[in-house]
Amino acid sequence: MRFLWKKWVIIMSKVFKFTLLQLFKNKSNRIVFGILFAVLILSVPVASVLLGDGGAKDIGGPTEIYIYADTLKGYLENGPDDFDTRYAVQYGYAILVMIISVFSATYIVRAIVEEKSSKLVETLMISIRSEAIIFGKLLAVMAFMITMLMGGAALFALSCAVTGLFTDVSFIGDVLAGLGISKGLLTIGPELMLIILISLVLAFLLFSQISALSAAGCSTMEDMESANMAGTMVILAGYIISTITMPMGGKALTIAMTLCPFVSSFSAPVYFVMGDIGWRLLIGSWAIQFLLAIILYKISGKVYDRLIIHTGRRIKLGEILAMAGKGEGR
Amino acid sequence: MGLEVRNLYKKYGEKVVVDNLCFEMKKPGVYALLGTNGAGKTTSIRMMLGMLAKDGGEVIWNGQPLTMDNCNVGYLAEERGLYPKYSLMDQLMYFAGLRGVSKEEAKKRIAYWAEKLGATEYLFPEKKTKPKLADELSKGNQQKIQFMVALISDPELIILDEPLSGLDPVNTDLFKGIIREEIAKGKYLIMSSHQMATVEEFCTDITILDRSKTVLQGHLGEIKKSYGRVNLKLKTEQDAQSYIGESGARIITMKETEYQLRVDGEEQANALLGRLIDAGIQVVTFDLREPSLHEIFVEKVGDYHE
C-alpha cells in the first residue's frame with residue numbers, strides 16, 4: 001500500500017498545532033511558567049537591591065554578560081581556575097538540558113497517557129497513524145519548550161537591561177567570576193547558538209522518545225508516574241555521569257563521554273566549547289544520537305499500534321523493547 | 001460493491017481471537033456484529049479499520065482494500081471519551097480537521113449536529129459565558145459530542161460499537177432517530193451491541209460470534225423464520241395452566257394469568273387456543289411469533305456461559 005507522506009505530514013501538523021495550543025492554554029502550565037518568568041524578571045532587580053550598592057547608576061546601557069565561544073578557549077588557557085570554569089560550564093549546560101528534558105518528558109507522558117486514559121485513541125486512529133500522533137506531540141512539546149526557553153532568556157536579558165538602566169548590576173559579573181567565568185569573555189554567537197540548538201534538539205528527541213514509549217505502555221493516569229520515572233531515570237543518569245566526568249579531563253574519557261549516547265547529550269557540546277574535542281568528534285556524537293533517535297523511532301513504529309490501544313496493566317519499557325524485538329508490535 | 005470482509009483472522013500467541021470472519025454488505029443498510037464479551041467483535045472492528053494488523057484475510061470496500069484514504073469512516077468506539085480539560089469546540093474542530101473537513105464546513109456541521117442533538121448551549125454558549133469543558137458534561141451529553149465526532153465527516157461507512165449504552169430513554173430515542181436518518185441517507189452501518197432489541201430494530205443482517213468463531217450468520221428475517229413461530233404470549237381472564245400443560249407447551253414465564261410459552265409450532269398453538277375456547281376460557285392476548293434475537297443469541301452462545 002502506498003504511504004501518503006503529504007497526507008501524513010498534514011495530519012501530523014494538525015496534531016502538532018492542537019497539542020501546542022492546548023499546552024499554551026493549559027492552566028497549570030500558565031501558572032508554572034508564569035511563576036518561572038516572574039522569578040526571572042524579578043531576580044535581577046531584587047538581587048541588585050540585596051547585593052548591589054543600591055544606588056542609581058549612570059545610564060550606561062545593558063549589563064555586560066557575553067559568552068564568546070571563540071575567546072573561551074583562550075580564556076581557559078590563561079584563566080585563573082580551569083577546574084571551576086569547566087565545572088561551572090558543564091553544570092550550567094547539564095542543568096539546562098536536564099530541565100528541558102524532564103519538563104518535556106513529563107509533558108509527553110501526560111499528553112499520551114491523558115489521551116489513552118480518556119479513551120480517545122481509537123477515535124484518533126480512524127484518521128491518523130499512531131506514529132503521527134506521537135510524533136506530532138513530540139514536535140509540539142519541543143516547540144513549546146523552545147518557546148518557553150527563548151521567552152525566559154529574553155525576559156531575563158530584558159530584566160538585566162532595564163535594571164541596568166537604573167541600578168548597578170555588576171554583581172552578575174561577580175557571581176559569574178566566582179564560578180570561574182569572567183564577564184566580557186562570553187557571548188553567545190550564532191555558531192554557539194547553532195551548536196546548542198542542534199544538541200538540545202537531539203537530546204530532546206532521544207529522551208522524549210523513551211518517555212513516549214514508556215507512556216504508550218500505560219492505560220491510566222495512575223500509571224503516569226511510573227512511566228515518567230523511566231524517562232527521568234535515563235535523563236538523570238546522563239546528567240550525573242556528565243557532571244562527574246567533565247571536570248576529570250583525560251582524552252579517553254572525553255572521547256567516551258562524547259560518543260556515549262544519553263551522556264553525550266549533556267557533555268559533547270561542552271567538550272567542544274572547551275576545546276577538548278573538534279568538529280569531527282562533535283559531529284560524530286550528533287550522528288550517533290541521530291542514529292539512535294531513528295532506531296527509537298523505528299522501534300516505536302513497531303509497537304505503538306499495539307501499545308496505544310492496549311488497556312490493562314502497565315507494560316514496562318523492557319517488555320516494550322522485547323515486543324519490538326520479537327515483532328509483536330501489532 | 002459495498003463492504004466485504006474475507007477470512008479475517010487474528011491470534012495472539014497461540015490463542016485465536018478472530019477465526020476467519022467473513023461477511024458482506026452488498027448494499028447500504030445495517031449489519032450487526034454480535035457476540036459475548038471477548039468473542040472478538042472489537043478486535044474484528046479494529047482489524048477492519050486498520051488499527052490492528054491482520055494475521056489473515058482482507059477487508060474490501062468497493063472492490064479495493066479498505067483504507068482510511070478510500071473510505072470515509074465514522075467510528076464510535078466502545079471505549080470512547082473526550083479530552084476532559086479541553087473546550088468542546090476545540091475538540092470537535094480538531095477531529096473535523098483530522099478527517100479532512102474544512103474549518104468553514106466543520107463549523108456548519110457542528111452547528112447542525114448541536115441543534116439536532118440539543119447540545120447548542122454547550123457548544124455555542126451565550127456571550128460572557130465560559131465554554132464548557134468535557135468533564136463538566138453528564139455522561140449522556142458527552143456521548144452526544146462523541147456521536148458528533150463520529151459523524152462530523154459525513155461518513156459513508158459508520159461503525160457503532162455499543163452506541164446506546166448508558167443513555168437514558170429520551171437520549172436513546174434521540175440517537176435512534178439519528179441512526180434512522182443515516183440509514184435513510186443510504187449509509188453503510190455496522191453495529192455492535194448487547195442490546196438485542198435495538199439491534200433487532202435496525203439490522204437486516206447479523207453475525208453472531210462466540211469465542212472467536214462465527215456461530216450464526218445471515219439475514220435476520222430468514223434466521224428467525226427458520227426457527228418457526230414458537231413463542232406464544234398468552235393472557236387469559238381465568239387460570240389456564242392445566243390446559244397449557246395438556247397441550248404440551250412449556251411455560252417460560254408466568255405472571256398471574258399472563259404466560260410466556262414455548263410451543264413446538266403453529267399446530268400446537270392452535271390446538272391450545274381451540275381447547276381454551278372450548279373450555280370457555282376468555283383469551284385476552286394470543287400472540288404467536290418467532291423467537292426474538294435475544295433468545296436466538298442466548299441459545300447460540302448460552303451453553304458455554306451457563
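Here are a few things to note about the model shown:
- Tally of residues being loosely packed, with under 14 Cβ neighbours inside 10 Å and more than 21 Å from the chain's Cα centre (by Cα) across region B:137-164: 1
- Of all residues in region A:101-120, exactly one satisfies the criterion of being assigned to a helix (DSSP H, G or I), within 10 Å of chain B (Cβ to nearest Cβ) and open to solvent by less than 10 Å² (accessible area, probe 1.4 Å), namely A:Glu115.
- Taking the criterion of being in a loop (DSSP other than H, G, I, E, B) and at pLDDT 90 or above, the only residue of region A:246-261 that qualifies is A:Cys260.
- In the set B:Glu121, B:Glu105, only one residue is modelled with pLDDT of 95 or more, in contact with a helix residue (DSSP H, G or I) (Cβ under 9 Å, 6 or more places away or on another chain) and assigned by TED's automatic domain parsing to the domain that holds B:Leu216; that residue is B:Glu105.
- Residue within region B:81-95 that is in a loop (DSSP other than H, G, I, E, B), within 12 Å of chain A (Cβ to nearest Cβ) and of a type in the set (Asp, Glu) present: no
- Considering residues of region A:308-320 that are in contact with a Leu (Cβ under 8 Å, 6 or more places away or on another chain) and part of a helix (DSSP H, G or I) only, the residue most open to solvent (accessible area, probe 1.4 Å): A:Leu317
- Single match in B:Lys15, B:Lys41, B:Lys54 (criterion: surrounded by 15 or more Cβ atoms within 10 Å (Cβ to Cβ), in the same structural domain as B:Lys187 (by TED's automatic domain parsing) and without any contact (Cβ under 8 Å) to a residue 60 or more places away in the chain): B:Lys54
- Within region B:66-78, the set of residues being within 7 Å of chain A (Cβ to nearest Cβ) and without any contact (Cβ under 8 Å) to a residue 24 or more places away in the chain comprises B:Thr67, B:Met68, B:Asp69.
- Among residues of region B:96-115, those that are assigned to a helix (DSSP H, G or I) and open to solvent by less than 70 Å² (accessible area, probe 1.4 Å), counted: 10
- Out of A:Phe33, A:Phe37, sole residue that is at pLDDT 90 or above, open to solvent by less than 20 Å² (accessible area, probe 1.4 Å), closer than 21 Å to A:Ser159 by Cβ and touching a helix residue (DSSP H, G or I) at 6+ places or on another chain (Cβ under 9 Å): A:Phe33
- Odd one out for B:Ile208, checked against (1) more than 16 Å from B:Leu34 (Cβ to Cβ); (2) open to solvent by less than 10 Å² (accessible area, probe 1.4 Å): (1)
- Taking the criterion of being within 11 Å of chain B (Cβ to nearest Cβ) and of a type in the set (Phe, Trp, Tyr), the only residue of region A:9-52 that qualifies is A:Phe18.
- Residue tally, condition in a strand (DSSP E or B) and open to solvent by less than 20 Å² (accessible area, probe 1.4 Å), over region B:63-80: 4
The values are calculated or read from the model by the stated rules, or taken from the named source; none is laboratory data. Note that the structure is a prediction, hence the values are computed from the model and not measured. Cβ coordinates were reconstructed from backbone atoms using ideal geometry, including for glycine residues, and neighbour counts include every protein chain displayed. Protein only, heavy atoms only, side chains kept; ligands, DNA and RNA dropped before computing areas. Shrake-Rupley method; radii C 1.70, N 1.55, O 1.52, S 1.80 Å.
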